[in-house]
Amino acid sequence: MSDPDQQARSPADTAFLEAVELGIEERSPYPAGSLFVDAEAPSLGHAIARALDEHRAVVLCYPDGKRRIVQERASVAAS
């Protein structure tokens, strides 16, 4: 029988909780301060823009368990 709380968690909630556990073990694959966001959230664009403005990585979390990390690249000065 599965835990009802676990069934109610969004993909981002699940990924975040797993990241906390891995962080405690110093094995987290995610950059410090990452924002975990459901890839299908209606406010996804705003969340990504805000996180990148704050120089934070975004972890896109999909219902099938897949995760993708979006990070800002170092700026290159135009010549």
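Tabulated results
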{"read-out": "The one condition in (1) at pLDDT below 95; (2) part of a helix (DSSP H, G or I); (3) not hydroxyl-bearing (Ser, Thr, Tyr) that Asp13 fails to fulfil", "value": "(1)"}
{"read-out": "Filter result (under 9 Å from the mean Cα position of the chain (by Cα), over 17 Å from Thr14 (Cβ atoms) and of a type outside the set (Gly, Ala, Ser)) within the range 29-75", "value": "Val70"}
{"read-out": "Residue match in the range 69-76 (condition: among the hydroxyl-bearing types (Ser, Thr, Tyr) and in contact with a strand residue (DSSP E or B) (Cβ under 9 Å, 6 or more places away or on another chain))", "value": "no"}
{"read-out": "Residues within the range 49-72 that are crowded, with 17+ Cβ neighbours inside 10 Å and out of contact with any Gly (no Cβ under 8 Å at 6 or more places or on another chain), tallied", "value": "6"}
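Residues checked against (1) modelled with pLDDT of 95 or more; (2) in contact with an Asp or Glu (Cβ under 9 Å, 6 or more places away or on another chain); (3) part of a loop (DSSP other than H, G, I, E, B):
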| residue | (1), (2), (3) |
| --- | --- |
| Gln6 | no, no, no |
| Val20 | no, no, no |
| Pro31 | no, no, yes |
| Val37 | yes, no, no |
| Leu52 | no, yes, no |
| Val59 | yes, no, no |
| Arg68 | yes, no, no |
| Ser75 | no, no, yes |
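The values are calculated or read from the model by the stated rules, or taken from the named source; none is laboratory data. These numbers were taken from a predicted model, which means no experiment stands behind them. Counting neighbours? That spans all protein chains shown, and the Cβs are built from the backbone with ideal geometry, glycine included.
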